[in-house]
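See below for the structure under consideration.
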Amino acid sequence: MRQEIAVAEPGEDIKIIPYEHHAKYYETDQMGIIHHSNYVRWMEEARMDLMDQIGLSYKQMEQIEIISPVLSIEVNYHSMVHFDDVVVIHTKLVKYNGIRMEVEYVMTDKETGELRTTGKSCHCFLNRSGKPISLKRSYPELDTRFFEMRESRDD
């Protein structure tokens, strides 16, 4: 039986606030800079925040047995982040077709605006059994929300 999920109202203007991460000491490496593996974690934090802001949390998705695994991830390092820096992460849904989505990330230093890192992640939608699902067919209200988010972010 199909479960219902509540999302932000259709047609509601989506105003996404960038995610901020305060770099922790334990995230640094022996050279005193943020270890490269942490950027992927920050991207996940920012993506989950993006989903929360559109009214569709990962927790809600999991409650209705939708999972969204990472298919691929790309990270490009432009300048170093150090302990105690605050990084502003702008997320943008750039591709979505009901079965897959691609999210881009731009990380800048909050104080200077300097570009730190860019990246993207690709995801699909699966049911709990690991079978691909189409949100368009199974959850049209979610499909609509993803399309609205993609269109509202076309800058």
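The values are calculated or read from the model by the stated rules, or taken from the named source; none is laboratory data. What you see is a predicted model, and the numbers here were worked out from it, not measured in a lab. Heads up, the Cβs are rebuilt from the backbone with ideal geometry, glycines too, and the neighbour counts pull from every protein chain shown. Note: accessible area is taken over every heavy atom of the protein model, side chains too, but ligands, DNA and RNA are not part of it. Shrake-Rupley method; radii C 1.70, N 1.55, O 1.52, S 1.80 Å.
Mind checking whether some residue in region 38-45 is more than 14 Å from K120 (Cα to Cα), open to solvent by less than 60 Å² (accessible area, probe 1.4 Å) and modelled with pLDDT under 90? Explain how you work it out, then say what you get.
Taking region 38-45 as the starting set, the residues that turn out to be more than 14 Å from K120 (Cα to Cα) are 38.
Restricting the remaining residues to those that are open to solvent by less than 60 Å² (accessible area, probe 1.4 Å) gives 38.
From what's left, modelled with pLDDT under 90: none.
Scanning region 38-45 turns up no residue that is more than 14 Å from K120 (Cα to Cα), open to solvent by less than 60 Å² (accessible area, probe 1.4 Å) and modelled with pLDDT under 90.
Report yes if S138 is open to solvent by 20 Å² or more (accessible area, probe 1.4 Å) and among the polar types (S, T, N, Q), otherwise no.
So S138 fits the description; yes.
What pairs come up if the first residue lies in region 143-155 and is at pLDDT 75 or above, the second is among the aromatic types (F, W, Y) and not in a helix (DSSP H, G or I), and their beta carbons are under 9 Å apart, counting only those six or more places apart or on different chains?
D143/Y96; F146/Y96; F147/Y96; M149/Y96
Scan region 69-84 for residues that are of a type outside the set (A, V, I, L, M) and closer than 16 Å to Y105 by Cβ and jot them down.
From region 69-84, those of a type outside the set (A, V, I, L, M) are 69, 72, 74, 76-79, 82-84; that's our starting set.
Residues satisfying the conditions are S72, E74, N76, Y77, H78, S79.
Give region 46-71 a look and list any residue that's of a type in the set (K, R) and buried (at least 18 other Cβ atoms within 10 Å of the Cβ), or say none.
Initially, region 46-71 is screened for residues of a type in the set (K, R), giving 47, 59.
The answer is R47, and nothing else.
Going through region 72-125 one residue at a time, which ones are touching a residue at least 60 places away in the same chain (Cβ under 8 Å) and either open to solvent by 20 Å² or more (accessible area, probe 1.4 Å) or more than 13 Å from the chain's Cα centre (by Cα) (or both)?
Correct list: F83, D84, D85, V86, V87, V88, H90, K92, K110, T117.
Which members of region 1-36 meet the condition of being under 30 Å from N127 (Cβ atoms) and either at pLDDT 95 or above or open to solvent by less than 60 Å² (accessible area, probe 1.4 Å) (or both)?
Just the residues of region 1-36 that are under 30 Å from N127 (Cβ atoms), to begin with: 1-12, 14, 16, 19.
If the condition is that a residue be under 30 Å from N127 (Cβ atoms) and either at pLDDT 95 or above or open to solvent by less than 60 Å² (accessible area, probe 1.4 Å) (or both), then I5, V7, A8, I14, I16, Y19 are the ones that fit.
Is it true that K59 is farther than 12 Å from S121 by Cβ and basic (K, R)?
Values: farther than 12 Å from S121 by Cβ: yes; basic (K, R): yes.
It is true that K59 is farther than 12 Å from S121 by Cβ and basic (K, R).
Could you list, in sequence order, the residues of region 23-34 that are in contact with a helix residue (DSSP H, G or I) (Cβ under 6 Å, 6 or more places away or on another chain) and not in a strand (DSSP E or B)? It would help to see each step written out before you state the result.
Let us first name the residues in region 23-34 that are in contact with a helix residue (DSSP H, G or I) (Cβ under 6 Å, 6 or more places away or on another chain), namely 27, 34.
E27 - this is the single residue of region 23-34 that is in contact with a helix residue (DSSP H, G or I) (Cβ under 6 Å, 6 or more places away or on another chain) and not in a strand (DSSP E or B).
Which is in contact with a Cys (Cβ under 8 Å, 6 or more places away or on another chain) and free of Cβ contacts under 8 Å to residues at least 40 places away in the same chain, of P69, P132?
Working: P69 fails: free of Cβ contacts under 8 Å to residues at least 40 places away in the same chain.
After applying the criteria, what remains is P132.
Could we say that E74 is charged (D, E, K, R) and in contact with a Lys or Arg (Cβ under 6 Å, 6 or more places away or on another chain) here? Even if it seems obvious, please write down each step before you answer.
Numbers: charged (D, E, K, R): yes; in contact with a Lys or Arg (Cβ under 6 Å, 6 or more places away or on another chain): yes.
It is true that E74 is charged (D, E, K, R) and in contact with a Lys or Arg (Cβ under 6 Å, 6 or more places away or on another chain).
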